[in-house]
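The values are calculated or read from the model by the stated rules, or taken from the named source; none is laboratory data. What you see is a predicted model, and the numbers here were worked out from it, not measured in a lab. Please note: Cβ atoms are built from the backbone with ideal geometry, for glycine as well, and neighbour counts cover all protein chains shown. Surface accessibility is based on the protein's heavy atoms, side chains included, excluding ligands, DNA and RNA. Shrake-Rupley method; radii C 1.70, N 1.55, O 1.52, S 1.80 Å.
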Amino acid sequence: MENNGHEHVIEVTDLRRVYGGGFEAVSGISFSVRRGEIFALLGTNGAGKTSTVELLEGLAPPAGGRIRVLGHDPYTERALVRPRTGVMLQEGGFPSELTVAETARMWAGCVSGARPPAEVLALVGLESKAGIRVKQLSGGQRRRLDLALALLGDPEVLFLDEPSTGLDAEGRRDTWELVGALRDRGTTVLLTTHYLEEAENLADRLAIMHEGRIAVTGTPAEVTATQPSRISFELPEGYFVGDLPPLGELGVTGHETDGRTVRLRTRELQRSATGLLLWAERARVELRRLDVRSASLEEAFLGIAEDASAGRATGTTTKEYAA
């Protein structure tokens, strides 16, 4: 594999994972991750995110398809891949009686070319807890320890499974800053998360999984743009929806009313908002409680999940956007 800034260090083609009893948790997905990129896998519980990541980590063989991590099969060529990757599982399972420092030293003994344990503990803000037993740590502090151990080998590829679960708002922001700094140093990061804000803040690109398939991939902005923007306001006294300019001419794709409140949906937010405000100026009226906003990633997530459920029977394919 050519070593340049654009190489795909993770390549997944038609990947399948089947559990006992024939349940297919991952149903022929394909995606790739470039060097120095943060790629997020999103999905509801049971969508297949963790099942996918475990295959990428080489913890099990796929039922079908092809995986390459750093140019190698992570299962059959595990000895070539594992020293160059870091893994943060959903649950670390550390010996509860060891101290934080003892745990880090123990883990460092299992890692080739490990960084000094004190260095990684400082990276995640646990230096003051080095002498504390693991069982005395809070849930968020244990997640920080999980991350510290994943960083011991200074990995080229870092797998993070729900990295900020259990963290408070400050801890989550600190983790985001650390992961972003790792990316800036050239580390490739693949993460799963339930926090859509996390994906929106961190990910260069993302994929939304639903029932074992990828419904859409692209940058957060591209994925968000699949859903319409919204404009809501109160009609001035004495005015009705029919008094507004023709909504089609404003680029409005749909609307609904609730008493005097009007909600418009549009894929041309600037055109729709400008036309509406020019009308209000000409009519010399005030649009009270005016709210103009692009779709959020949460709205895109929910909309895509609904569309994917409806589209499976019709053979709808994955939507992909060039980054």
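Summary of computed values
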{"quantity": "Zero-based 5 Å bins, Cα pair distances in the stretch 53-157, whole percents", "calculated": "2, 13, 22, 21, 16, 12, 8, 4, 1, 0"}
{"quantity": "Shape box of the stretch 1-97 [Cα atoms, principal axes, largest first, Å]", "calculated": "42, 41, 26"}
{"quantity": "For the chain, the fraction of alpha-carbon pairs in successive 20 Å shells from zero, as %", "calculated": "28, 47, 21, 4"}
{"quantity": "Label-point gap, in nm, between Arg293 and Leu80 - each point 7 angstrom along Cα→Cβ", "calculated": "4.9"}
{"quantity": "Difference of contour (0.36 nm per residue) and Cα-Cα distance, Tyr19 to Gln270", "calculated": "85.5 nm"}
{"quantity": "Where chymotrypsin sites (Phe, Trp or Tyr not before Pro) fall in DSSP loop in the stretch 229-262, at most 11 other Cβ within 10 Å", "calculated": "Phe240"}
{"quantity": "Degrees between helix 169-184 axis and first principal axis of the chain (Cα, 0 to 90, nearest 10)", "calculated": "70"}
{"quantity": "Normalised contact order of the stretch 1-147, rounded percent, pairs of Cα under 8 Å and 6 or more residues apart", "calculated": "19"}
{"quantity": "Globularity ratio of the stretch 136-294, using Cα Rg and 2.2 N^0.38 Å", "calculated": "1.49"}
{"quantity": "Heavy atoms of Arg35: accessible area, 1.4 Å probe, square angstrom to 10", "calculated": "60"}
{"quantity": "Residues of the chain: accessible area per residue with a 1.4 Å probe, Å²", "calculated": "49"}
{"quantity": "Virtual spin-label span in nm between His8 and Ile132, 7 Å along Cα→Cβ", "calculated": "4.3"}
{"quantity": "Over the stretch 83-230: Kirkwood hydrodynamic radius from C-alpha pairwise inverse distances, Å", "calculated": "16.2"}
{"quantity": "Paramagnetic reach from Ala225 in the stretch 260-287 [backbone N under 18 Å; point 7 Å along Cα→Cβ]", "calculated": "266-273"}
{"quantity": "Gain in span if fully extended, Asp73 to Asp258, counting 0.36 nm per residue against the direct Cα distance", "calculated": "61.0 nm"}
{"quantity": "For the chain, calculated [θ]222 nm from helices alone, where every DSSP H run of n ≥ 4 adds -39500 (n - 2.57)", "calculated": "-9000 deg cm²/dmol"}
{"quantity": "Spread of Cα-to-Cα distances over 10 Å intervals beginning at zero, given as percent, for the stretch 185-239", "calculated": "18, 40, 20, 11, 9, 2, 0"}
{"quantity": "Carbon plus sulfur fraction of accessible area for the chain, probe 1.4 Å, in percent", "calculated": "48"}
{"quantity": "Cα long-axis angle, helix 269-283 against the chain (0 to 90 degrees, to the nearest 10)", "calculated": "30"}
{"quantity": "Cβ crowding within 10 Å averaged over residues, with 141-153, 171-183 ranked highest first", "calculated": "141-153, 171-183"}
{"quantity": "Cα-based helix-to-principal-axis angle, 139-150 vs the chain, degrees rounded to 10", "calculated": "60"}
{"quantity": "Estimated distance in nm for a label pair at Glu286 and Ser32, the labels positioned 7 Å out from Cα along Cα-to-Cβ", "calculated": "5.6"}
